[in-house]
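Participant: Mind having a look at this structure? Questions to follow.
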Amino acid sequence: PATIGELPYLKSLYLWSMNSKTTGPIPPSITNLSRLEALELTRTDLSGPIPEDIGRLRRLRILDIWGNKQMEGPFPASVTSCRNLIRLGLESTVGPLPDDLGALSRLQMLGLRNNSFSGELPQSLVQLSQLRILNLRDNRFSGSLPDGLGAKMDKLVELDMSRNNFSGPLPASLGNAGNLTVLEMHESGLSGHLPPELGKLAKLRRLDLSGNQLSGTLPDALSGWKSVEYLDLSNNKFSGTLEPLSNLPSLTTLSVYNNSMSGTLPNTWSGWK
C-alpha cells in the first residue's frame with residue numbers, strides 16, 4: 001500500500017510468492033523507511049521500476065528483487081549510496097551498471113543474472129574485495145573484462161559471467177582469487193590464450209569456458225588444478241596437446257570437443273574407468 005512509508009520502525013520487509021495478491025508499482029514512500037535493513041520482493045505481481053531514490057535506505061543490508069515478471073526499468077544509480085549492503089540481487093533491470101558500483105565495499109553477494117544489462121562492466125567492480133558470489137550471467141554486457149578482476153577478491157567462491165557479449169581474454173589477475181571453486185564463462189565472447197596464472201586456482205572444482213573463441217595451447221600450469229572435477233573447454237579454438245591435463249586427480253567430467261587439438265591421449269588416462 002502507498003502508506004507503507006508510515007511504518008518508521010520497520011526493519012525487514014519480505015514479500016514472497018504473492019502473485020495476484022501484490023500488484024502495482026513499488027510505492028515511492030517505501031524509501032521513507034529509514035530503519036529498513038532487509039527488503040525482499042520475490043515472485044509478486046509488482047510492476048514498474050525500482051524507485052530511483054532507493055538509495056535513501058542507508059541502513060539497507062539486503063536488497064533482493066527478482067522473479068517479478070511485471071517489473072522492469074533501469075538499475076537505480078542511487079543504490080550505490082546503500083553502503084551497508086551485503087547482498088544485492090536484481091532481475092528485470094536494463095541499461096549499464098553505475099561507474100561507482102565499487103562503493104558497495106561490504107557486498108558479499110552480487111546477483112544480477114537474467115537481466116538486460118548492457119555496456120562495459122565498471123572498472124570499480126574490481127574493488128569489491130568482500131564478494132563471495134558474483135553472478136552476471138544471461139545479460140548483454142560487452143567490452144573487455146575489467147583489468148585486475150580477481151586481484152583483490154580472495155574471498156570469491158563463485159564467479160559466473162556466462163552468456164554475455166564480452167571480448168578479449170580472461171585477465172591473468174583471476175589467478176589471485178585463491179578461494180574460487182566455480183568459474184563459469186561459457187558463451188561469453190572471450191578470445192585469446194588462457195593465462196597460466198589460472199593454474200594457481202588450487203580450490204577450483206568446476207570450470208566451464210565452452211562456446212568462446214579461446215585459442216592457443218593449454219598452459220602447463222593447469223596441472224595445478226588438483227581439485228577440478230568438471231572441466232569444459234569445448235567449442236573453442238585451442239590447439240596443441242592435452243598433456244597439461246594429464247594429472248588432474250579429481251577430474252570426473254572432461255569435454256574438449258570441437259577444438260583444433262592434436263596428439264595422443266596422455267598415458268595417465270589409461271587407468272580411467
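The values are calculated or read from the model by the stated rules, or taken from the named source; none is laboratory data. Source: prediction; values computed, not measured. Because the Cβ atoms are built from the backbone with ideal geometry, glycine has one as well, and the counts that use them run over all protein chains shown.
Participant: For region 20-40, name all the residues that are at pLDDT 90 or above and of a type in the set (A, V, I, L, M).
Facilitator: Within region 20-40, I30, L33, L36, A38, L39 qualify.
Participant: In region 78-101, how many are more than 15 Å from I50 (Cβ to Cβ), modelled with pLDDT of 95 or more and surrounded by fewer than 21 Cβ atoms within 10 Å (Cβ to Cβ)?
Facilitator: 6
Participant: Still on this structure: Please pick out the residue among S234, S239 that is free of Cβ contacts under 8 Å to residues at least 40 places away in the same chain, on the phi < 0 side of the Ramachandran plot and part of a strand (DSSP E or B). Walk me through it before giving the result.
Facilitator: Details: S234 fails: part of a strand (DSSP E or B).
Unique residue meeting the criteria: S239.
Participant: For region 112-147, enumerate the residues that are assigned to a loop (DSSP other than H, G, I, E, B), over 17 Å from M185 (Cα atoms) and in contact with a helix residue (DSSP H, G or I) (Cβ under 7 Å, 6 or more places away or on another chain).
Facilitator: If the condition is that a residue be assigned to a loop (DSSP other than H, G, I, E, B), over 17 Å from M185 (Cα atoms) and in contact with a helix residue (DSSP H, G or I) (Cβ under 7 Å, 6 or more places away or on another chain), then P122, L128 are the ones that fit.
Participant: Do we have L104 as under 18 Å from R205 (Cα atoms) and hydrophobic (A, V, I, L, M, F, W, C) here?
Facilitator: Against the criterion (under 18 Å from R205 (Cα atoms) and hydrophobic (A, V, I, L, M, F, W, C)), L104 does not qualify.
Participant: State all residues of region 1-14 that are part of a loop (DSSP other than H, G, I, E, B) and exposed (fewer than 14 other Cβ atoms within 10 Å of the Cβ); if no residue qualifies, say none.
Facilitator: Hits for region 1-14 are P1, P8, Y9, K11.
Participant: With the requirement that a residue be of a type in the set (G, A, S) and either under 17 Å from the mean Cα position of the chain (by Cα) or assigned to a helix (DSSP H, G or I) (or both), what does region 187-230 give you?
Facilitator: S188, G189, G199, S210, A221, S223, G224
Participant: From S17, S47, which residue is in a strand (DSSP E or B), in contact with a Gly (Cβ under 7 Å, 6 or more places away or on another chain) and modelled with pLDDT under 95? First the steps, then the outcome.
Facilitator: Values: S17 fails: in contact with a Gly (Cβ under 7 Å, 6 or more places away or on another chain).
Criteria check complete, one pass: S47.
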